[in-house]
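Bear in mind these aren't lab numbers, they're just calculated from the coordinates by the rules spelled out. Being a predicted model, the structure only gives us computed values, none of them experimental. Cβ coordinates were reconstructed from backbone atoms using ideal geometry, including for glycine residues, and neighbour counts include every protein chain displayed.
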Amino acid sequence: MSGIENPCLSLAIARLSAAGRENLAIWVLKAPYPGGMVHHDSTWSEYMTKSWLAWQDMFSPFSNHVPISGHHNQYPTTLPSQNQNGATGPEISYSGRLMQGLGIDLWQWLFQGSIRNALERSQGIALGQNKPLRLRLEVRAPDFIPLP
């Protein structure tokens with residue numbers, strides 16, 4: 001990596017063809033440190049499908065795309081609270097909480113286990129270089145391309 005490039009953590013998501021439709025692999029394609037090429041097998045839960053469907057119903061009502069078939073078309077029962085951490089100010093709308101909830105769910109689903117460790121280590125390297133960390137995501141599972 002040359003001195004002018006920002007550190008980059010590049011991830012890929014692909015369906016595990018030998019496992020069930022809910023099983024996906026997430027792996028690091030490029031990391032700003034040696035030995036950073038790790039992977040994590042993850043399951044797309046029914047809760048994630050519900051969260052996605054609720055978002056889709058609000059922001060793309062004419063689409064009926066479901067990343068994993070066989071999950072029920074019911075929405076999650078919890079969304080982020082109106083004001084996070086007791087903050088004062090205007091209330092967050094339902095659509096805002098829906099977007100925030102899906103974003104948090106996707107982040108927590110993506111950055112688990114060894115992938116989270118790679119992110120934290122990469123962030124440390126970027127901070128040490130006083131540069132931003134570039135994050136790249138390559139979605140190789142076609143059913144997941146429409147996710148925001």
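Starting with the fewest neighbours, write out Trp107, Trp44, Trp52, Trp27 ranked by other beta-carbon atoms found within 10 Å of each beta-carbon.
In order of increasing Cβ crowding within 10 Å: Trp107, Trp27, Trp44, Trp52.
Starting from the 7 Å offset along Cα-to-Cβ, what nm value, one decimal, do you get for the label separation of Ser114 and Phe59?
3.1 nm
Pop the C-beta distance of Ile104 and Asn130 into the FRET formula with R0 = 35 Å and round what comes out to the nearest 0.05.
The pair Ile104/Asn130 has a calculated efficiency of 0.80.
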